[in-house]
1. Once each part is reduced to its C-alpha centroid, what is the distance from the stretch 69-138 to the stretch 176-208 in angstrom?
2. Dipole magnitude of the chain about its Cα centre, charges +1 at Lys/Arg Cβ and -1 at Asp/Glu Cβ only, in debye to the nearest 20?
3. To the nearest 20 debye, what charge dipole does the stretch 112-174 have about its Cα centre, counting +1 at the Cβ of each Lys and Arg and -1 at the Cβ of each Asp and Glu?
4. With both partners inside the chain, how many of the DSSP beta bridges are antiparallel, as a percent to the nearest 5?
5. Between residue 105 and residue 168, 0.36 nm times their residue separation minus their Cα-Cα distance comes to what?
6. Which one of 177, 229, 51 has the biggest mean-square fluctuation once the chain is modelled by GNM with Cα springs under 10 Å?
7. Out of 215, 171, 62, any idea which swings most in a Gaussian network model of the chain, alpha carbons joined below 10 Å?
8. Provide the gained length on full extension for the span residue 77 to residue 157, in nm with one decimal, where the gain is 0.36 nm per separating residue minus the Cα-Cα distance.
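Read-outs throughout are calculated quantities, based only on the coordinates presented, and are distinct from any laboratory measurement. Note that the structure is predicted; figures quoted are calculated from it, not measured. Note that we place each Cβ from the backbone using ideal geometry, even for glycine, and neighbour counts take in every protein chain shown.
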Amino acid sequence: MSIKTTLNYSPNFYSFKRKTKEVKFIIFHYTGMKKESVAINRLTNLQSEVGCHYLIKNNGEIITMVPDLYIAWHAGRSSWKNFKSLNKNSIGIEISNPGHQFGYKKFSKKQINSLINLSKFLIKKYKISSKNILGHSDIAPDRKKDPGEKFPWEYLSKKKIGLWHDIKNKILISNRGHKIDNISYNSFLDNLFKIGYPKKIPKNITQQRHQIFTIRAFQRRYRQELVNGKADRECLLISQNLTKYTR
């Protein structure tokens, strides 16, 4: 199996190669720029110090920017479970989308089809676990929103790309917006940390802000209909359901 890509190399990576077994994660991003051409220029500009391994254009075309076994600068300050600075262990895929700042929109069918093909290729090549298919906001919730609540995580999970819960929609809706007590709230946070969300509080924000950012990241991933940073009974149920994958 091979993937057809075009080449437009980025200089924004470390010059030494890593071993195949060090590649353990795939991280999805959106470009977050007004125009696709601007995003490509930024990702290939040495001064920006931002790169990725692959970019998926609006028309579904895949661009290779950094070869897999080089460490591209896409994740920044990040953590997941016991991993820190995930650039070292991940492949970064950028998907062309203006993002929340410039008119966030749905990803095109062509983009998602290309993403599925590319992801399956990488998952097989590097034996990447479904638990390790993440969004930028998962690993850096205090800084990032991408790929956002319009990213089709549930659909991708049906293609064996990433995780999703198996709770029926009727149950979810009936629990949405219902408040939980402090014990349940703390249990919910514990579930998030078990799943992998960063527990350590960054220096520049309070514990409360960190919790809100982390809850929003969780919601953008698993409860996309309502992203409000407030944990309710629906969020608690989803978090409990997902902890089975942490064993």
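1. Cα centroid to Cα centroid, the span is 24 Å.
2. Value, rounded to 20: 460 debye.
3. Once rounded to the nearest 20, the dipole reads 320 debye.
4. Restricted to the chain, the bridges split so that about 35 percent are antiparallel.
5. Values: separation 63, 0.36 × 63 = 22.68 nm, distance 2.65 nm.
Length gained between residue 105 and residue 168: 20.0 nm.
6. Greatest mean-square fluctuation among the candidates belongs to 177.
7. Of the options given, 171 has the highest mean-square fluctuation.
8. 26.2 nm
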